Amino acid sequence: MNANDAVLTTVATAQTGSMVADTAPNAPASASFDLIIRAAAGSALGNSGAPYTLTISAIDLTAVSQGWPTQTLHQAFDAANGWKLSGTGPDYQCTQIVPVPVPGGGPGGPLAGHTLQCVASIVSQGAQIASIIHSDPFVLV
């Protein structure tokens, strides 16, 4: 990887506390689920402290609308935000778990039976670093 670049590598839904992707992440009856976001950064960038914005949104593919309010997280390439050496070379990696409350308070809510898809992006100040990725579609119960 280029020493001054970063890329989102995974966005997946999972049951709360799990690291295994799940296409029905709040089944059988949970009021929330986790969004797993993984990224990689080059050796010069990964611990530089350079700021970026992580934006997470959801698309309701069934209703063709916004799934829930967009989350905007202001972060930096540093250990405090989860960046660490990859262990297999000079690059850095980051895994973040973002808890997502099911709209309407849980199973049977307004999005029950809807198929959704999450989209995540990182954009640095000045937009010299930009990466976007989407999850596989998933269904809420």
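The values are calculated or read from the model by the stated rules, or taken from the named source; none is laboratory data. Nothing here was measured: the structure is a model prediction, and the numbers come from that model. Ideal geometry is used to build each Cβ from the backbone, glycine not excepted, and the neighbour counts take in all protein chains shown.
Here are the numbers for the structure shown:
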quantity: Verdict on I122 being in contact with an Asp or Glu (Cβ under 6 Å, 6 or more places away or on another chain), touching a residue at least 24 places away in the same chain (Cβ under 8 Å) and either of a type in the set (F, W, Y) or under 14 Å from A39 (Cβ atoms) (or both); calculated: no
quantity: Scope the range 100-141; condition of a type in the set (S, T, N, Q) and either within 15 Å of T70 (Cα to Cα) or touching a strand residue (DSSP E or B) at 6+ places or on another chain (Cβ under 6 Å) (or both); matching residues; calculated: T115, Q117, S121, S124, Q125, S131, S135
quantity: Condition broken by G104, with the remaining ones in (1) touching a Pro at 6+ places or on another chain (Cβ under 9 Å); (2) modelled with pLDDT of 95 or more; (3) farther than 18 Å from V11 by Cβ; (4) surrounded by fewer than 17 Cβ atoms within 10 Å (Cβ to Cβ) satisfied; calculated: (2)
quantity: Scan of the range 79-118 for residues that are hydrophobic (A, V, I, L, M, F, W, C) and touching a residue at least 24 places away in the same chain (Cβ under 8 Å), ordered by number; calculated: A79, W83, L85, C94, I97, V98, V100, V102, L111, A112, L116, C118
quantity: Residues satisfying the stated conditions in the range 73-90, i.e. at pLDDT 95 or above and closer than 21 Å to A12 by Cβ; calculated: L73, Q75, N81, G82, W83, K84
quantity: Selected residue (criterion: farthest from S121 (Cα to Cα)) from residues of the range 55-86 that are part of a loop (DSSP other than H, G, I, E, B) and aliphatic (A, V, I, L, M); calculated: A63
quantity: Candidate set from the range 125-141 (those that are modelled with pLDDT of 95 or more and outside any loop (DSSP other than H, G, I, E, B)); member that is farthest from the chain's Cα centre (by Cα); calculated: V139
